[in-house]
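Here is the structure we will look at, set down as structure tokens.
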Amino acid sequence: MNTVPTDAIKSGSVQSGPDHSALSDPGTEPGTEPETAVGKTAETATGNAAETEQAGYLDEKIAQVRAMDFLQYRSPDLPTWCPGCGYFGIMDAFYKACRELDLAHENICAVSGIGCSGRTPIFINSYGFHTLHGRSIPVATGLKLAREDLTVFAMAGDGDALGIGGGHLPHVARKNIDITFILFDNSIYGLTKGQSSSTTPYETKTNSHPVGNPDTPLNPIKLALAYGSSFVARGYAGDPEGMKALIKAGTLHRGFSFIQILTPCVTFDKTNRTWKALKENVCSLNLHAPAPDNMESAMRAAENEPYGTGIFYQDKERPSYQDILRQKKNAK
Amino acid sequence: MKTIDKDISIVIEICGSAGEGTISAGEILSRFMSAQGFEIMSFDAYPAEIRGFGKCVAHTRVSANPIYSPGKLADVLIALNDNHAISQLSALKKGGILIYDSQPPKPHEEDQSVVARADAVTISYGVPLTMLAQKAAGNARGRNMVALGALTALFHLDRDAFTNSIKDRYGKKKQIVIDSNVNSFLEGFDWTKENIDKADTISFQGVTPPQSKAEQKGEKLIINGNQLVAKAALDADLKFYAGYPITPATKIMEILSKELPKHGGTLLQTEDEISAIGAVIGAGYGGIRAMTGTSGPGFALMTEFTGLSVMAEMPAVIIDSQRGGPSTGIPTKTEQSDFNAAMFGGTGDCPRVVLAPTDTTSCYDATVLALYLAEKYQTLVVILLDFFLSNSIRNIDTPKKPAPKMLNANIAPDAADLAGYQRYKITDSGISPRTIPGTPGGMYFATGLEHDANGRPNYTDKGHLAMTAKRFRKHASVLAEAPAPMISGTQEMVDIGVISWGSSAGAAHEAVVTAAGEGISAAAFSSMMLSPFPEKQVTAFAGRCKKILIPELNYTGQFADFVTKIIKRPVERLNFITGRPMAAEDIVEKMREMI
Ligand SMILES: Cc1ncc(C[n+]2csc(CCOP(=O)(O)OP(=O)(O)O)c2C)c(N)n1
Ligand code: SF4
């Protein structure tokens, strides 16, 4: 096992505001989940003498961050992600978005699949449901249809959402179910330790394709557009303000909101979507400037590199699924 | 003259092509018989030995007494189509009655007519069905009604009442449609009265249906299992149904798509069965009653989610209406071969509740019970129907609406529970008080990972054992509220005890009565609750049976394997997978062999 944590902390902390690595608790469940990277990194992390010496500094840092208002949306559980993982930044943006929207904790439901990303609801101070690999969307759909009063989020990794669960996306989009879907896109299978996913670029070397990935990657934004999502956006894990704005806009959007977040897996991807590569390859969507209600320009913008972040497309007029059902009922 | 008395019931089959009015003729016959106060059980079959497309058979059993099984062989075969009817002759009793078209539109080659193929002892009545329909209505469409007219005349049924049943059936149609049908019927009736010399002994003349039946006429429901499941679900406050079309369960979704919105509920047609059960679990998590329905192939797709329902302790009800064979199998034939899948399919040690209605009426009870148990015990409940139960039609007493306690079963935490709320608190009953999202102070994290009382992932050996034991303790609690097993026959030591389940149970209970008439001492046991199974009761029952027989519609005897383990002794099996439902005669034949 290499010395991921220290590398990761360096690159990660530059990008994503608070020093998340300080908040991760590598010792929470070492070795309990053989499938995870988490346990493994934890072993190396706990062996790090420098870190123990810094305990006083860390305590102080933790106290500081805890004092911030938005952290009320954090659960007391310490994330089990690898230090430097992009997911910390996504969560911070999520907490802040909840804070600024002033969502009542008990009305938030975060539904996730399986993967490192699947653990997310544990770290949110709200209702949460960690379901099956690939199945956050069906469960979130049932929940929203049962309880329109709740603010329902579905969260999934790229393997989860586009591989095993790829069959659900077209339908939640075309039905326009009023949930906010956040794709934690690190273009790798994190939890199972570094196999190719549906967004791994062609030729990338991974643990399942050591001589290079033979598959062409999917473009999640183009898919979301083609499936008829009424809100399509892309954020970047190193841009907390940008992600926060997108999560807020997606939550306020009435209908299905698709938000892809480009994020690194610092442990299992050393070549492709690293913090460094992402930083160089991400720009504001203003560069491509799609008109927000123009599908064609959105499609074109989705092809471009560097990767634009922002809202690609939004149809504010389209009724949500439940609006349509109500219309039909009243029409009778 | 032979009349319908308490020992007799007759089976009438109408056989034709799709589009010849076979099914509607069967339906009118059933409704008429029901209105007359008789018990009916009917179903439409589409045998596999079809040559050409579209053979259908409307099978109706009529009796003055309670009916438990559909009957094996027909007393009467009405042939609307000779080609198809020839292959149906094997289901006609020796010495049975054949009514056929004596002047078919195209004359048959020698030997190719049904009458030529019927054996010598068959009593055959040729009626010019096509010609009489032409005469009555100007086209041949009313041949099915001509045949019903002939039947009415032959068996001395009430002509005017039958006419009313036809009018009822076509009441919403144009007058010309009603008239053509009624006239064809009357034409058939008159012609038969004048031209046929009755050679059989069946007559309804002077038969008064049992008094109680006549009194209840108005309250009888003529209904099949699928319709009754939908009705029960609505009565039991179902608010969400998700489904993906598959025979024989589709009809449940179609009925609910009309009815649920009227009851403030939502119907979701999903992209597949995985999504359907996922949405049901999501809705159950949200605190409303939710259900999905499917058949074997869809149930297979759902199995991963069944584990999540049990592990995360979320209510979910799945109906699996079984059909034939593995894979796509035989979609239009009945079988009981998903027993193992429903009882044991899925991941890990996974205690679930499995209910199998034993007749049409119990489809109602099972649905109400399933929604109640799923909500109260926060777990998975599977209802095993089959093609026959889903589609066979009975006239039954309107079921009583569920008691209020069945409608609101969620055990919510009280103030004391909420202080330091533990969603998965270890309890004696296995039930932990459950909040629904939106409840302040009751927030929790649900997961399919093994977890501690707070829902936090926990894989310690002690933790896993304690939680597994907690989930299994629900079984004991469920069993305490299970409906009592049905036991029929004598209470003493018997030569043969029949233990059965699902749609075969009716045939078993009926067989015991028939066997007693032949001097075979027998008793029968069946339980709607398959998991948890009433092990004590079945062991006690087996203890007073010299031999045990387990009849079921699968190849190996899946339920027999299960029961053998419980009663710890070998059993006799009766298995067939012809696609035909179990009949009492099948079981009686086997009992004779065993004696
Ligand atoms: C049905 C099923 N198949 C396989 C797995 C194993 N598995 C767990 S997570 C995962 C992939 C995770 O990758 P991704 O969805 O991209 O999420 P990440 O870990 O990168 O956040 C796999 C294959 C599983 N849990 N369930
Ligand atoms: S996604 Fe990668 S870096 Fe993040 S927690 Fe999982 S293995 Fe670690």
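Coordinate-derived values only; no laboratory data. A quick note: this is a predicted structure, and the numbers were derived from the prediction, not measured. Backbone-built Cβ (ideal geometry, glycine too); neighbour counts: all protein chains shown.
Alpha carbon centre of the stretch A:192-268 versus the stretch B:493-551: separation in Å?
60
Per residue of B:431-437, how many C-beta atoms from partner chains lie within 10 Å of its own C-beta, taken as a mean?
Partner Cβ neighbours, averaged per residue: 3.
Is there a simple number for the mean count of other chain Cβ atoms within 10 Å of the Cβ of residues in B:452-461, and what is it?
The shielding value for this peptide is 3.
Among bridges DSSP assigns within the stretch B:221-406, what percent are antiparallel (round to 5)?
Working: 5 of 27 bridges.
Once the DSSP bridges in the stretch B:221-406 are tallied, antiparallel ones form about 20 percent.
What does the average come to when, for each residue of peptide B:265-273, you count the partner chain Cβ atoms lying within 10 Å of its Cβ?
Numbers: counts 2, 7, 2, 9, 2, 6, 10, 4, 0.
Across the residues of B:265-273, the mean count of other-chain Cβ atoms within 10 Å is 5.
Would you please put B:185-196, B:277-288 in order of how densely packed they are, using the mean number of other Cβ atoms within 10 angstrom per residue and starting with the highest?
B:277-288, B:185-196
Give the distance, in whole Å, between the Cα centre of the stretch B:312-366 and the Cα centre of the stretch A:62-99.
44
If each DSSP helix of 4+ residues adds -39,500 (n - 2.57) and the sum is divided by the residues in the protein assembly as shown, what number results at 222 nm, nearest 500 deg cm²/dmol?
Helix contribution divided over all residues of the protein assembly as shown: -11500 deg cm²/dmol.
Among A:207-214, B:581-588, how do they line up by average Cβ neighbours within 10 Å per residue, starting with the highest? Intermediate results must be reported in sequence, preceding the final value.
Details: A:207-214: 12.5, B:581-588: 23.4.
So the order, starting with the most tightly packed, is B:581-588, A:207-214.
What aspartates and glutamates could a cross-link reach from A:LYS244, if we take a straight Cα to Cα line under 14 Å and drop same-chain neighbours fewer than 8 places away?
Leaving aside aspartates and glutamates fewer than 8 places away in the same chain, those within reach of A:LYS244 are A:ASP92, A:GLU100, A:ASP102.
Taking every DSSP beta bridge with both residues inside chain B, roughly what % is antiparallel (nearest 5)?
The antiparallel proportion sits near 40 percent.
Any chance you could give the angle, 0 to 90 degrees and rounded to 10, that helix B:175-195 forms with the longest Cα principal axis of chain B?
Around 50 degrees separate the two axes.
Can you give the angle from 0 to 90° between the axis of helix B:159-169 and the longest principal axis of chain B, with both taken from C-alpha atoms, to the nearest 10?
Helix B:159-169 sits roughly 50 degrees off the main axis of chain B.
Output the antiparallel fraction of DSSP beta bridges having both residues in the protein assembly as shown, as a percent to the nearest 5.
Of all bridge pairs located within the protein assembly as shown, approximately 30 percent are antiparallel.
Could you work out how far helix B:360-377 tilts from the main Cα principal axis of chain B, as a 0 to 90 degree angle to the nearest 10?
Rounded to the nearest ten degrees, it is 10.
Students often check this: by mean Cβ neighbours within 10 Å, which of A:297-304, B:476-483, A:143-150, B:325-332 ranks highest, and how do the rest follow?
A:143-150, A:297-304, B:476-483, B:325-332
Hey, which lysines would be in cross-link range of B:LYS400, C-alpha to C-alpha under 17 Å, not counting anything within fewer than 8 residues on its own chain?
Those lysines meeting the cut-off are B:LYS217, B:LYS220, B:LYS231.
Among B:ALA366, B:GLN558, A:GLY142, which residue has its Cα positioned farthest towards the positive end of the charge dipole of the protein assembly as shown, with +1 placed on the Cβ of Lys and Arg, -1 on the Cβ of Asp and Glu, and the dipole taken about the Cα centre?
Looking along the dipole axis, the top candidate is B:ALA366.
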